[in-house]
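Asks: Structure provided below as structure tokens; questions to follow.
The values are calculated or read from the model by the stated rules, or taken from the named source; none is laboratory data. What you see is a predicted model, and the numbers here were worked out from it, not measured in a lab. We place every Cβ from the backbone using ideal geometry, glycine too, and count neighbours over all the protein chains shown. For accessibility, only protein heavy atoms count, side chains too; no ligands or nucleic acids. Shrake-Rupley method; radii C 1.70, N 1.55, O 1.52, S 1.80 Å.
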Amino acid sequence: MATIHDVAERAGVSIKTVSRVLNGGTEVSEKTRTRIEQAMRSLEFTPSAAARMLRGRPTGLVAVIAEKLTTTPDSSEIIKGIQLVCEQLGKVMLIGETGGHADVANRLVADMRERRVEAILFATPFHREVVVEPLLGSTPTALANCFEAPGRYTQVIPDDEGGGYAAAQIVLRAGHRDIAFLQLIPGMVATGLRLRGFERAMREHGVSPNPDWLIHGAEAGAADEFSHLAEAVDRLFASDNRPTAILCGNDKMAMRVIFILQRRGLRVPADVSIVGFDDFRLISEALDPGLTTVALPYREIGELSGRHVLEQASEAPATIRVPCLPVMRGTVGAPSASAVKAIQAMKAAKR
């Protein structure tokens, strides 16, 4: 690897003159400067980050402390969003993966600060609360897809309540009133927020949710979080009172629900309409018909958090909620006439 000594020798100048050029000094003639720059190019010499730090110049480095994000395909778009901002601003992104371990995160933060990164972003694969240790000093910091209770840093999170509302609106506007909601794992931030949005949409349409149809389709701790999903679907269709539409906690769940329904001889959307959540395109676009879903704005979360920490770090910390928007494809239709008649007759018999 070439050094400043090699550059000085190739250009026929002193080390001090090369140093002046690296520091942006104006006391070097244009002819000498050109010769030094040509020598650096021919030797493939790049000033080290350490040298720039000693001169007090920005390193151009941005750190992303990721929690299982690089191995989670559907949320890795967050990284792409941050990378896009770094490319636009001429920054270099460094990624440190914690694997979900706090001690690893602390070690990565210390290492990144030693490298004099210009900003640090914490990013998680799903919307959750985090604890950020007070090791950051004055380094500009932002949180992507996560938040902390003290609110010391700008945190960019998905509007999960708005997403639950949007999912319900899709089927309500299609004419459905008998709607089931297969939710995510109990206790997750998104689970509670989306249920709140679902219930708000139902109230606005004058519909009372059936509590027996608000089921968790995913469970924590199991090797397969959807191991009990078939049983949950069976509960929805155990009696003559059946839903005509099912909202699912994510697209992976929705795909499995569609397969379960098909094995029962039910058609989507002719017999049952299905709505997913995420817009994980490896699933939502691959299904036939394509999956109607609500998009989690992962890339936008990455872009907004990166842009804030690099361009607006002097502003007061804020919580930014990014809208989760509906993506219409082919798994939602109007309730079938036979299903509507059966439901109406059953309700009339109960009066």
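Asks: Using a Gaussian network model of the chain with C-alpha springs under 10 Å, which one of Leu184, Leu229, Leu287 is most mobile by mean-square fluctuation?
Replies: Fluctuation is largest for Leu287.
Asks: If I model a spin label as a point 7 Å beyond the Cα along the Cα-Cβ vector, how far apart are those points for His5 and Ala316 in nm?
Replies: 5.6 nm
Asks: Check each of the trypsin sites (Lys or Arg not before Pro) in the range 119-201 and keep only those in coil by DSSP with at most 13 other C-beta atoms within 10 angstrom; list them in order.
Replies: Numbers: sites: Arg128, Arg152, Arg173, Arg177, Arg194, Arg196, Arg200; in loops: Arg152, Arg177.
Here the trypsin sites (Lys or Arg not before Pro) that fit, given the DSSP loop and packing criteria, are Arg152.
Asks: What ranking do 274-283, 137-146 get when scored by the average of other Cβ atoms within 10 Å per residue, highest first? Working shown, then result.
Replies: Values: 274-283: 23.4, 137-146: 20.5.
Final packing ranking: 274-283, 137-146.
Asks: Within the chain, how many Lys pairs sit with Cα atoms under 18 Å apart, leaving out pairs fewer than 8 places apart on the same chain?
Replies: Working: Lys16/Lys31; Lys68/Lys80; Lys80/Lys91; Lys341/Lys350.
Here the count comes out as 4.
Asks: Here is a further query. Between Arg200 and Lys68, with labels modelled 7 Å along Cα→Cβ, what's the label distance in nm to one decimal, could you check?
Replies: Using points 7 Å along Cα→Cβ, the separation is 2.8 nm.
Asks: When the Cα atoms of the range 246-310 are enclosed in a convex hull and the volume is divided per residue, what value in Å³ results?
Replies: Values: hull volume 4.8 nm³, N = 65.
Roughly 74 Å³ of hull volume per residue.
Asks: Specify the longest stretch of the chain that does not include any exposed loop site, a site being one of the GluC sites (Glu not before Pro) with a non-H, G, I, E, B DSSP assignment and at most 11 other Cβ atoms within 10 Å.
Replies: The reported range is 45-314.
Asks: Let me ask something additional. Using label points projected 7 Å from each Cα along Cα→Cβ, tell me how many nm separate Glu44 and Ser14, to one decimal.
Replies: Distance between label points: 3.1 nm.
Asks: Oh, and also: I'd like to check one number: the per residue accessible area of the range 176-226, probe 1.4 Å, reported in Å² as a whole number. Please report the intermediate quantities before stating the final value.
Replies: Values: 2330 Å² over 51 residues.
It amounts to 46 Å² per residue over the range 176-226.
Asks: Hey, if we sort His216, His101 by accessible area with the 1.4 Å probe, largest down, what's the order? Walk me through the intermediate numbers first.
Replies: Numbers: His216 65, His101 105 Å².
The residues order as His101, His216, largest area first.
Asks: Something else about it: At 1.4 Å probe radius, can you tell me the per residue accessible area of the range 96-172 in Å²?
Replies: Details: 3020 Å² over 77 residues.
Heavy-atom accessible area per residue stands at 39 Å².
Asks: From the phi of every residue in the range 158-166, what ³J(HN,Hα) in whole Hz does the Karplus formula 6.51 cos²θ - 1.76 cosθ + 1.60 yield, where θ is phi - 60° and glycine or proline is x?
Replies: Taking θ as phi minus 60°, the curve returns x, 7, 5, 5, x, x, x, 5, 5 Hz for the range 158-166.
Asks: Please find, in a Gaussian network model of the chain (springs between Cα atoms separated by less than 10 Å), the residue of Gly306, Gly330, Gly163 whose mean-square fluctuation is greatest.
Replies: Its mean-square fluctuation being the largest, the pick is Gly330.
Asks: Can you compute the radius of gyration and Dmax for the chain, using only the Cα atoms, both in Å?
Replies: Expressed in Å, the Cα Rg and Dmax of the chain come to 27.3, 100.
Asks: Using a 1.4 Å probe on the protein heavy atoms, what percent of the accessible area of the range 159-257 belongs to carbon and sulfur? Walk me through the intermediate numbers first.
Replies: Working: 1860 of 4030 Å².
The computed percentage sits at 46.
Asks: Please give the contour-minus-distance gain from Glu37 to Ala270: 0.36 nm per residue of separation, less the Cα-Cα distance, rounded to one decimal in nm.
Replies: Details: separation 233, 0.36 × 233 = 83.88 nm, distance 6.93 nm.
Residue separation times 0.36 nm, minus the Cα-Cα distance, leaves 76.9 nm.
Asks: Give the Debye-formula value of log10 I(q)/I(0) at each listed q (0.16, 0.24 Å⁻¹), with one equal scatterer per alpha carbon of the range 151-245, two decimals each.
Replies: -0.72, -1.27
Asks: What's the local net charge at Asn250, with K and R +1, D and E -1, over the other residues with C-beta under 11 Å away? Mind dumping the intermediate values first?
Replies: Working: positive: Arg194, Lys252, Arg256; negative: Asp74, Glu225, Asp251, Asp278, Asp279.
Local net charge: -2.
Asks: Okay, next question. Given a 10 angstrom Cα cut-off, can you work out which residue in Thr98, Thr154, Thr34 is the most mobile in a GNM of the chain?
Replies: Thr34
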